[in-house]
Structure formats: C-alpha cells, structure tokens
Amino acid sequence: MYKINKVLISNYRSISHLEMEFNPQEPVIICGPNNIGKTNFLRALDLFFSLDKEVFNHDVDIPYHIAEGSVGGGSRSKITVDFVDSQNNTYSITAIYSRRNRQNQIDLRGYKNGKEINER
C-alpha cells in the first residue's frame, strides 16, 4: 500500500503555489470558503493520477497572468506527489504539463529513496 505524504502544485488554475503535507494517522478534510481552490486541488490530483495529457487544457489550467506574462518556464503546471510504501521506501513523482507546438506534453520525473527512477 502506498500513502501520500505530500502534494506540491504550481501554476495550476487558481493555485500559484501550494504545498500540503499529510499525517497518515489523521483523516484528510478539505474545507474552506468558496473560490479558495478546493476543487482545483482535487482537479490537480485527478490530472496527476490520470496521466492523460488530453485532460490538461493549457488555456484553462495555466493561470492567465502566468501564460501571458511568461511564455517560458512559467507557462506550465507542475504537480509533485510524495509517497511512502509499506517497506518505508519513499517515492517522489513530478508531472510537468505544458503545451509545445500545439500539442499537450507531460514530462515525468521520479525518485525512489532519493535516487532518480529511469524509464526502461
């Protein structure tokens, strides 16, 4: 079984930067006033776990001020999820969503116990 320790979200919809840490001994409750980003947090998790680049919509998912103000490095959404497994191995997976040549892109980076995971 894998447990989520931490989620980091950057430049996704209304979320400029969010870091949430989870205590495995406590329930996770997402609450707050309207328009604070609760749904966008859940959408970001859905995007991360779906790994479907067609779910990403650059025109909607990148905040307008980021997309129009910085076509370089800021014009992408970044979601990192840190996990731990039952043997206490730690994993950190980062998905970077962007648009290049009118095509949605997902770049994945992963680490297990601090060492980079390479594709096979």
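Rule-based calculations on the coordinates, nothing more; no lab input. In this text, all values refer to a predicted model and were calculated from it rather than measured experimentally. Cβ placement follows ideal geometry from the backbone for every residue including glycine, while neighbour counts extend to all protein chains displayed.
Arranged from highest to lowest average of other beta-carbon atoms within 10 Å per residue, in what order do the peptides 17-29, 95-107 appear?
So the peptides 17-29, 95-107, ranked by packing, come out 95-107, 17-29.
Taking 0.36 nm per residue of sequence separation and subtracting the Cα-Cα distance, how much length would be gained by fully extending the chain between V28 and F83, in nm to one decimal?
Residue separation times 0.36 nm, minus the Cα-Cα distance, leaves 18.3 nm.
Please compute the modelled spin-label separation between L45 and Y111, points set 7 Å along Cα→Cβ, answer in nm with one decimal.
A separation of 2.3 nm, rounded to one decimal place.
Test of understanding: what is the full-extension gain from Y2 to E54, defined as 0.36 nm times their sequence separation minus their Cα-Cα distance?
16.1 nm
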